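For reference, the structure discussed in these notes is given below.
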Amino acid sequence: MMFAQVNCPEVLNPEELDAYLEVGWFRMGQSVFTTNFLNFRNNFYSAIWLRVDLMKFTGDKTQQKLAKRNSRFGHIIRKASVNDEKESLYARYKQNISFETSASLRHLLYGKSSRSIFNTYEVCIYDKSRLIAVGYFDFGAHSSAGIACFYDPEYKKFSLGKYLIYLKIEYCKQSGLHYFYPGYFVPGYSFFDYKLEIAHAELEYLQLRTNQWLSVETFTPGNIPYQVMKERLMELGTLLTERGFRNNMLRYEFFDANLVPELMGAELFDFPLVLFVGENDGDLPEHVVVYDVCEDLYRLLQCRSVWKTNSSSALSDTFSSQVLKTEKEIFSSSKAEDMYNRLSGEQKHHSFRTGTF
């Protein structure tokens, strides 16, 4: 399984969109992508994909509260479009947020394309004749994906972002759809936590290890792939250190390189954490160890460099001098002790203790 991928289909029928959404893919411009790890401000996190079971959703107190608070406003749901009025609203919204987003609304929805492969609708909220909020969502055959919401900063106290999502959910339920996909949340990065408050009783998350949708109420820290990966590599690293093997766990800067459309299909190395056995002096050791959270296995891999960046990260815990590709798997095991034993055998051919390869 690849942790990060992108596809750029020429056409996308409703059933195909459903299939993508069900396995944790989402829209990005006029492409579809999946990712399981994220880098925000040089901190690495897990992306946990979400969906609302519309067949169980009957409304909740948050929806009622928002409907009452915003009862003075009118709204329209229709086929999506982009015009100067919406671009202007998006620009005002963009000036008042702390995270990076697309330069324009058109670029957000279309990227470099001039046409859309998606069946997109919009929710527009008005204060009399003034457009104050817009939300976009895509229709599949039995599912819908919430793509974007933005609003006039002067109306921030009305929680229009959440209100837009509830309007989408209600419309999709009335349209007979089964699921609504709002994207992902990010444990440890609070900006996305608002998604956990919407239709919480009917909210599900995609568990990476089993590839199953489970109630979000069952989510625990043990379901955060990045943390599991880190803890298991630290376990092996401690064992190796105690037995005289030099090792260094580093974050890999280019774990999401497969999301670049021009690299589609390259199947580059996409683990966000790597255990280098031996000294890491900027050159690539022949063998690296990763922990595969999907299979609960340590994997000893042989990698090669496909591009040398000629620059290293200023962060001492990050490997950024080369873009990697896996050549082959040499060994795998669920136990740190087994991996140690294999590395001991490899020492006959490679000086792990001295750090030379």
Search result, residues across the range 88-118 that are over 22 Å from the mean Cα position of the chain (by Cα) and of a type in the set (S, T, N, Q): S88, Q95, N96, S113, S114, S116
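Looking at the range 48-68 only, could you name the residues that are touching a helix residue (DSSP H, G or I) at 6+ places or on another chain (Cβ under 7 Å), under 28 Å from Y189 (Cα atoms) and not aromatic (F, W, Y)?
L50, V52, D53, L54, D60, T62, Q63, L66
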Which listed residue, of G176, G183, is within 23 Å of E16 (Cα to Cα), surrounded by fewer than 21 Cβ atoms within 10 Å (Cβ to Cβ) and out of contact with any strand residue (DSSP E or B) (no Cβ under 7 Å at 6 or more places or on another chain): G176
Hey, E204 within 20 Å of the chain's Cα centre (by Cα) and assigned by TED's automatic domain parsing to the domain that holds L315 or not: no
Any chance E122 is modelled with pLDDT of 95 or more, in the same structural domain as L12 (by TED's automatic domain parsing), crowded, with 19+ Cβ neighbours inside 10 Å and within 23 Å of the chain's Cα centre (by Cα): no
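Would you check if there is a residue in the range 253-274 being under 17 Å from L343 (Cβ atoms) and touching a residue at least 24 places away in the same chain (Cβ under 8 Å)?
Restricting attention to the range 253-274, the residues satisfying the condition of being under 17 Å from L343 (Cβ atoms) are 274.
Next, only the ones that are touching a residue at least 24 places away in the same chain (Cβ under 8 Å) stay: 274.
Checked the range 253-274: at least one residue is under 17 Å from L343 (Cβ atoms) and touching a residue at least 24 places away in the same chain (Cβ under 8 Å).
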The one condition in (1) under 30 Å from E231 (Cα atoms); (2) at pLDDT 95 or above that E15 fails to fulfil: (1)
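Could you tell me whether the range 92-100 includes any residue that is surrounded by 13 or more Cβ atoms within 10 Å (Cβ to Cβ), farther than 30 Å from L263 by Cβ, outside the structural domain of M229 (by TED's automatic domain parsing) and not polar (S, T, N, Q)? Talk me through it step by step, then tell me what you get.
Keep residues of the range 92-100 that are surrounded by 13 or more Cβ atoms within 10 Å (Cβ to Cβ), which gives 92-94.
Remaining after also requiring farther than 30 Å from L263 by Cβ: 92-93.
Retained after the next criterion (residues that are outside the structural domain of M229 (by TED's automatic domain parsing)): 92-93.
Those left that are additionally not polar (S, T, N, Q): 92-93.
Yes, there is a match, as at least one residue in the range 92-100 is surrounded by 13 or more Cβ atoms within 10 Å (Cβ to Cβ), farther than 30 Å from L263 by Cβ, outside the structural domain of M229 (by TED's automatic domain parsing) and not polar (S, T, N, Q).
Output the residues belonging to the range 232-268 that are acidic (D, E) and surrounded by 16 or more Cβ atoms within 10 Å (Cβ to Cβ).
The first filter runs over the range 232-268 and keeps only residues acidic (D, E), leaving 235, 242, 253, 256, 262, 267.
Matches in the range 232-268: E253, D256.
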Meets criteria (outside the structural domain of Q63 (by TED's automatic domain parsing), of a type in the set (S, T, Y) and touching a strand residue (DSSP E or B) at 6+ places or on another chain (Cβ under 6 Å)) for Y291: yes
Of the criteria (1) under 20 Å from G24 (Cβ atoms); (2) crowded, with 18+ Cβ neighbours inside 10 Å, which one G188 fails: (2)
Failed condition for V293, given (1) modelled with pLDDT of 95 or more; (2) out of contact with any Phe, Trp or Tyr (no Cβ under 9 Å at 6 or more places or on another chain): (2)
Lone qualifier among Q227, Q174 - being without any contact (Cβ under 8 Å) to a residue 12 or more places away in the chain and either out of contact with any Leu (no Cβ under 9 Å at 6 or more places or on another chain) or not small (G, A, S) (or both): Q174
Selection count, the range 129-174, where residues are among the aromatic types (F, W, Y), more than 25 Å from the chain's Cα centre (by Cα) and closer than 25 Å to M55 by Cα: 1
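The values are calculated or read from the model by the stated rules, or taken from the named source; none is laboratory data. Predicted, not measured: the structure shown is a model, and the values here were computed from it. All Cβ positions, glycine included, derive from the backbone under ideal geometry; neighbour counts span all protein chains shown.
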